[in-house]
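Undergrad: Just passing along the structure, written as structure tokens.
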Amino acid sequence: MSLFITFEGIEGCGKTTQLALLRETLGRRGHAVLATREPGGCPIADAIRRILLDPAHQAMIPRAELLLYAAARAQHVAEVILPALAAGHIVLCDRFTDATLAYQGYGRGLDQDMIEQLNDLASDGCRPDLTLLLDMPAAAGLHRAIQRNSHHNLAAEARFELETETFHDRVRQGYLELANRQPERFRIIDARGGVEEVAGRIALTVEDFFTARGCS
């Protein structure tokens with residue numbers, strides 16, 4: 001069964017943890033599952049990721065940031081996502097095109113239509129079947145992210161955590177607007193609470209999606 005499921009949300013919302021848990025759940029059910037992330041997911045895209053997330057690169061202008069994300073995505077889609085879908089896998093991706101609209105569009109203020117066109121080019125027509133938006137207040141997510149980076153020594157990937165709370169508020173509202181525009185694809189998950197509590201919400205949501213699609 002080929003399905004493309006993306007996880008979206010602000011910094012610290014728990015996407016990476018919840019994606020790993022869903023991967024385990026689907027694997028136990030006998031599905032072939034590939035878990036990946038953006039930016040990154042393959043050697044070229046991972047090299048671009050290091051540039052994008054390095055706090056030393058605060059001078060990066062929004063257009064350069066946008067183009068680097070597009071370049072990483074183009075390689076990732078061609079090298080990882082499309083081959084996995086063609087092989088009948090369920091692909092779980094930590095962020096995809098919606099993140100670019102939320103961060104570079106709503107967050108940075110770049111033109112949404114331009115971003116849409118660039119997303120189309122970079123993704124080569126690849127679209128998620130389901131997008132799980134883990135939502136929580138920006139201040140709480142940012143606090144979590146800063147604690148996570150400190151605990152796991154992720155200072156080299158903390159460029160976005162240096163942005164203001166106002167920036168993260170814009171990103172969150174952008175995500176919610178995207179979800180409201182595409183309710184057939186998005187499911188908003190309350191990301192507040194314990195890991196198992198949030199995982200339960202996601203499991204129910206995915207089960208409902210599978211049932212509607214006639215998947216087992």
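The values are calculated or read from the model by the stated rules, or taken from the named source; none is laboratory data. Keep in mind that what you see is a predicted model, and the values were worked out from it rather than measured. Methodologically, a virtual Cβ is constructed for each residue, glycine included, from the backbone with ideal geometry; neighbour enumeration extends over all protein chains shown.
Undergrad: Here are some residues: 122, 158, 139. Which one is among the aliphatic types (A, V, I, L, M), under 17 Å from the mean Cα position of the chain (by Cα) and over 30 Å from residue 212 (Cβ atoms)?
TA: One residue alone meets the criteria, 158.
Undergrad: Give the number of residues within region 205-216 that are surrounded by 12 or more Cβ atoms within 10 Å (Cβ to Cβ) and either modelled with pLDDT of 95 or more or under 14 Å from residue 131 (Cα atoms) (or both).
TA: Qualifying residue count for the region: 5.
Undergrad: While we're on this one: Tell me which residues, restricted to region 82-109, are without any contact (Cβ under 8 Å) to a residue 60 or more places away in the chain and within 10 Å of the chain's Cα centre (by Cα).
TA: Within region 82-109, 97, 100 meet the criteria.
Undergrad: Ok, one more. Hey, residue 191 hits all of (1) hydrophobic (A, V, I, L, M, F, W, C); (2) touching a strand residue (DSSP E or B) at 6+ places or on another chain (Cβ under 6 Å); (3) under 24 Å from residue 81 (Cα atoms) but one; which does it fall short on?
TA: Exception for residue 191: condition (3).
Undergrad: What are the residues in region 12-37 that are buried (at least 22 other Cβ atoms within 10 Å of the Cβ) and in contact with a His (Cβ under 8 Å, 6 or more places away or on another chain), if any?
TA: Across region 12-37, the qualifying residue is only 12.
Undergrad: Within region 97-157, which helices (runs of 4 or more DSSP H) (wholly inside it) include 2 or more residues that are of a type in the set (Ser, Thr, Tyr) and in contact with a Leu (Cβ under 6 Å, 6 or more places away or on another chain)? Before you say what the answer is, go through the steps one by one.
TA: On the way: elements: 97-100, 112-123, 138-151.
In region 97-157, no matching helices (runs of 4 or more DSSP H) lie anywhere.
Undergrad: Which members of region 159-183 meet the condition of being assigned to a helix (DSSP H, G or I) and either on the phi > 0 side of the Ramachandran plot or charged (D, E, K, R) (or both)?
TA: Of all residues in region 159-183, those assigned to a helix (DSSP H, G or I) come to 160-162, 165-181.
Hits for region 159-183 are 161, 165, 169, 170, 172, 177, 181.
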